[in-house]
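The values are calculated or read from the model by the stated rules, or taken from the named source; none is laboratory data. Quick caveat, the model's predicted, so the values are computed rather than measured. Note that we place each Cβ from the backbone using ideal geometry, even for glycine, and neighbour counts take in every protein chain shown. Side chains included, ligands, DNA and RNA excluded: accessible areas come from the protein's heavy atoms. Shrake-Rupley method; radii C 1.70, N 1.55, O 1.52, S 1.80 Å.
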Amino acid sequence: MSGKFNVLFLAPEVAPFAKTGGLADVAGSLPDALRRQGVDASICLPLYRTVKEGGFRLTRMIAGLEVPLGAGKLACTIWSGETSQGTPVYFIEREDLYDRPNLYRNPAGDYYDNFERFTFFSRAVLHFAQHAGIRIDVIHCHDWQTGLVPVYLKTLFRGEPFFLNTTSVFTIHNIGYQGLFPPEKLRLSGIPYSEFHPEGLEYWGQVSLLKAGIVYSDVITTVSPRYGKEIQTAEMGLGMEGILRKRSDSLYGILNGADYSQWDPAVDPHLPVRYSAEELKGKKECKTLLISEMGMNERMADKPLLGFISRLSGQKGCDLLLRVAHRVIEDGAGLAVLGAGEEHYEKAVAKLAEDHPGRIGVRIGFDEPLAHRIMAGSDILLVPSQYEPCGLTQLYALRYGTIPVVRATGGLADTITPFDQATREGNGFRFESFEPESFFSAIRQALSLYRKVRIWRQLAVSGMKADFSWDRSAESYLEIYRGLLTWDH
Ligand code: ADP
Ligand code: GLC
């Protein structure tokens, strides 16, 4: 590559600063991987309360930066910090918008002003870059919260010499979150109403910020090849399939990677005991300690332990989990669940532990260290998603010697192949139809292999040695960026 190019990542969540799911893991580690390939990558996100309380070292960079919102202007402060690998991170601070207990919602529902919060963020980033003279070749936007940035570049900021060579990439992490708002809100963004039409950012009478990102960006990516195809179908495109098919020449499915500096049992600071493919002993100890941490009966240490670590939403197959849990217990296995999300699922999952004390351990809430301990202490990880753009937990499970049982959809199907006892090929167990019976039968296959101690161990060890690191995917992104730079726009 000749000369470095500058890529600014815009994401509504970035680990370890703010996280509700896998997007944070991606936005926190892909820029580091790109830097290793010579890209000048940096990251920008809102300064949420979790950032303030996280004890990160931040420096105030700009105070009183004025950004238009509606008829007026709001001032914000820009802070800078860095990831553990040294990638610059910029934070947009505006207390009334971002200093809240959660990132997007309270238990009753989404924050009423999410349009304002993320429109402000999107516009502030552009003003900030211009003000600070941060040259951007590619602005890489993630999910609906950043969907207006490509629109700004093609409308309000079109004539700005500073952004003349700035191109945009928009990554869809989940087509199910479409950023829908009433059209009156558009006024706040300053984007002209002439863009509000079905070929623009209108979606059935509403404004969709996800659609905005899809329509106005130069390149669209999503997080696995199979999901890239699925979202172009009527069954799985959730209404966006038409517009995606129209742009299929500019749509790429690139598999996410796992960040092994964060997710590797040989170095994981959250584990009571470390272990590796060469020295697996510690895994058993992690299991015993996890069983006690989850308040389960210590006798369960001799039984297979199934883990489930997830946002509690329909997407993640919570209904299937609830339907099979008691049968899993009848089969003698234990179950450790960590999750947070929709209230009705939180209650139903919590009740599982009440119904099966000692055999099912449940923790409701978001707990990063516990997620690592469940990953290590379980024998099997359940990922029965209805749909899954990529999924990261199955990749982490492989590295932790925990065998994934997944539904064959999206990135789960791209990464987990069924284990075949005859050829010893495959790295986990899969089921096709979104039915409790199919799920349970895949679990049964896993449980029956678990009894074959030697084969099980081989399977675990080969999973631990598999390489799903970011480097290959980072190269694919690099190709896309390169294509854009040589592109006359
Ligand atoms: P998604 O982004 O759809 O939630 P992924 O599999 O891509 O799914 O990523 C989920 C990430 O969030 C993983 O890092 C997983 O460990 C983490 N996670 C999910 N739920 C919790 C929770 N309740 N506590 C801690 N970490 C969680
Ligand atoms: C989304 C998807 C998940 C994906 C993650 C990171 O939250 O639901 O499948 O792994 O984004 O791309």
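Might you report the magnitude of the Cβ-based charge dipole of the chain about its Cα centre, with Lys and Arg at +1 and Asp and Glu at -1, to the nearest 20 debye?
In debye, rounded to 20, the chain gives about 720.
Report the net charge of residues surrounding residue 393, where surrounding means a beta-carbon distance below 12 angstrom and charges are Lys +1, Arg +1, Asp -1, Glu -1.
My count for the surroundings of residue 393 gives +1.
With +1 assigned to the C-beta of every Lys and Arg and -1 to the C-beta of every Asp and Glu, and no other charges, what is the dipole magnitude of the range 281-467 about the Cα centre in debye, to the nearest 20?
Dipole about the Cα centre, nearest 20: 760 debye.
Relative contact order of the range 281-467: what whole-number percent is it, with Cα pairs under 8 angstrom and at least 6 residues apart?
It rounds to 20 percent for the range 281-467.
With the dipole of the chain worked out from charges on the C-beta (+1 for Lys and Arg, -1 for Asp and Glu) around the Cα centre, which of 208, 317, 174 lies farthest toward the positive end?
Toward the positive end, the furthest listed residue is 317.
To the nearest 20 debye, what charge dipole does the range 74-113 have about its Cα centre, counting +1 at the Cβ of each Lys and Arg and -1 at the Cβ of each Asp and Glu?
That gives a dipole near 100 debye.
Keeping all protein chains in place, calculate the accessible area per residue for the chain (probe 1.4 angstrom), answer in Å².
I get 40 Å² per residue for this part.
With each label point set 7 Å from Cα along the Cα-Cβ vector, what nm distance links residue 479 and residue 280?
So the label points at residue 479 and residue 280 sit 3.5 nm apart.
Considering only protein heavy atoms, with the full assembly of protein chains and a 1.4 angstrom probe, order 356, 197 by accessible area, largest first.
197, 356
Checking the a/c ratio against 1.5 first, then a/b against b/c, what shape does the Cα gyration tensor give for the range 221-338?
Because a/c hits 1.5 or more and a/b fails to exceed b/c, the range 221-338 counts as oblate.
If I fit a long axis through the Cα atoms of helix 343-355 and take the longest principal axis of the Cα atoms of the chain, what angle between them do I get, 0 to 90°, rounded to 10?
Result, in degrees: 10.
Is the range 64-112 rounded, prolate or oblate when judged by the Cα gyration tensor, a ≥ b ≥ c being the square roots of its eigenvalues, rounded requiring a/c under 1.5 and prolate requiring a/b larger than b/c?
oblate
Where the centre of each part is set by its Cα atoms, how far does the range 375-434 sit from the range 158-190, in angstrom?
34
If I fit a long axis through the Cα atoms of helix 471-485 and take the longest principal axis of the Cα atoms of the chain, what angle between them do I get, 0 to 90°, rounded to 10?
20
Could you compute Rg(Cα) / (2.2 N^0.38 Å) for the range 281-467, with N its residue count?
Rounded to two decimals, the normalised Rg is 0.92.
Pop the C-beta distance of residue 85 and residue 292 into the FRET formula with R0 = 51 Å and round what comes out to the nearest 0.05.
Approximately 0.90, to the nearest 0.05.
Considering amide H positions built from the backbone, and no H for Pro or chain starts, which residues 5 or more places from residue 431, or on another chain, come under 5 Å of its amide H?
Placed amide hydrogens put 406, 407, 408 under 5 Å from residue 431.
When the chain is fully extended, how far beyond the present Cα-Cα distance does residue 458 get from residue 131, taking 0.36 nm per residue of separation?
In short, 112.1 nm is gained.
Cα centroids of the range 192-268 and the range 68-129: how far apart, whole angstrom?
For the range 192-268 versus the range 68-129, the Cα centre distance is 22 Å.
When the chain is fully extended, how far beyond the present Cα-Cα distance does residue 451 get from residue 206, taking 0.36 nm per residue of separation?
Computed gain between residue 451 and residue 206 is 82.8 nm.
Could you tell me which of the pairs 316/351; 287/452; 287/351; 154/229; 4/154; 19/229 are separated by over 21 angstrom between their Cα atoms in the structure shown?
287/351; 154/229; 4/154; 19/229
Mind grabbing the base-10 log of I(q)/I(0) for the chain at q = 0.08, 0.09, 0.11, 0.13 Å⁻¹? Debye formula, identical points on the C-alpha positions, no solvent, two decimal places.
These q points yield log10 I(q)/I(0) values of -0.49, -0.62, -0.91, -1.23.
Given contacts defined as C-alpha pairs under 8 Å and at least six residues apart, what's the relative contact order of the chain, whole-number percent?
It rounds to 12 percent for the chain.
Please report the carbon-and-sulfur percent of the accessible area for the range 356-458; probe 1.4 Å, protein heavy atoms only, DNA, RNA and ligands left out.
Exposed carbon and sulfur together represent 48 percent of the surface.
Taking 0.36 nm per residue of separation and subtracting the Cα-Cα distance, what length does fully extending residue 434 through residue 49 add?
Fully extending the segment from residue 434 to residue 49 adds 134.8 nm.
What is the sum of charges around residue 481, taking Lys and Arg as +1, Asp and Glu as -1, for the other residues whose C-beta is under 12 Å from the C-beta of residue 481?
-3
Rounded to the nearest 10 Å², what accessible area does residue 194 have for a 1.4 Å probe in the complete protein model?
My reading of the accessible area for residue 194 is about 80 Å².
So, counting K/R as plus one and D/E as minus one, what does the shell of residues with Cβ under 12 Å around residue 216 add up to?
Result for the neighbourhood of residue 216: +1.
Write out the trypsin sites (Lys or Arg not before Pro) in the range 13-77 meeting two conditions: DSSP loop, and at most 13 other Cβ atoms within 10 Å of their Cβ.
For trypsin sites (Lys or Arg not before Pro) across the range 13-77 that sit outside H, G, I, E and B with at most 13 neighbouring Cβ atoms in 10 Å, the list reads 57.
Compute the angle between helix 453-465 and the longest alpha-carbon principal axis of the chain, please, reported from 0 to 90 degrees and rounded to the nearest 10.
20
Determine the share of the range 245-304's accessible area contributed by carbon and sulfur atoms, expressed in whole percent, with a 1.4 angstrom probe.
The nonpolar share, carbon plus sulfur, comes to 47 percent.
Counting other Cβ atoms within 10 Å, keep those with at most 11, restrict to DSSP loop, and tell me which GluC sites (Glu not before Pro) in the range 118-223 are left.
Listed in order of number, the matching sites are 199.
To the nearest 0.05, what FRET efficiency results for residue 162 and residue 343 with a Förster distance of 41 Å applied to their C-beta separation?
The computed FRET efficiency comes out at 0.35.
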